[in-house]
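Written out below as structure tokens is the structure these notes cover.
Every number in this text was worked out from the coordinates using simple rules, so none of it is lab data. All values derive from a computational prediction rather than experimental measurement. Cβ placement follows ideal geometry from the backbone for every residue including glycine, while neighbour counts extend to all protein chains displayed.
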């Protein structure tokens, strides 16, 4: 069984294997902190995404590389957004998505998928089934990260969808550690959704009193 899951690492440079493990650890920490609504989600996420940008560039997985590059930028934005306060009160607490934000999310998804499709087509990367899946989950993750930076409960729905698809996707690409990471991501995302929804519902109840 060990050979089945990890045989693809036989020809990998040791440095790349170590970097992937470190990126996975920091990625798991980031998702855990997101679940707890802890601002450490962003610095840990930045470490993970920077390493993955490097690794995915080496592996010529440009769709995934763009996702992580975007995560890096949105982590900086989210870090700033989460620290904004007004009279010692968090200016943007956990809340549910608004109608206008739904429209923006749809536009962001369509634009992202169209952009990734054009990049893959230009470089002739539509040679495997997972290249097509990449275009879809890139859009899903882009929306999920944007909603998380804005502290919207629904961000977890997008993470769950993308994480579930990523489990077999990364395994088929030969990146077992990253595939296992997405198994954990899925579990944490489910609990994260339940926890954030509870906080949001509680806040709404308080406002209605």
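Points worth noting:
- Ellipticity estimate at 222 nm from DSSP helix runs (n ≥ 4, -39,500 (n - 2.57)) divided over the chain, nearest 500: -27000 deg cm²/dmol
- To the nearest ten degrees, helix 41-58 and the longest principal axis of the Cα atoms of the chain are 20 degrees apart.
- Fraction of C-alpha pairs exceeding 13 angstrom in the range 104-168: 62 percent, rounded to a whole number.
- Where labels lie 7 Å past Cα in the beta-carbon direction, separation of residue 204 and residue 60 in nm: 4.9
- Rounded FRET efficiency, nearest 0.05, which uses the C-beta distance separating residue 110 from residue 190 and R0 of 35 Å: 0.85
- Axis of helix 62-83 versus longest Cα principal axis of the chain: the two differ by about 20°, to the nearest ten degrees.
- Mean-position separation - Cα centroids, the range 33-50 and the range 92-151, in angstrom: 20
- Based on the reciprocal of the average 1/r between different C-alpha atoms, the Kirkwood radius for the range 13-208 equals 17.2 Å.
- Folded to 0 to 90 degrees: helix 176-208 orientation relative to the chain principal axis, Cα: 10
- When you count the other C-beta atoms within 10 angstrom of each residue and take the mean per peptide, 67-76, 144-153 line up highest first as 144-153, 67-76.
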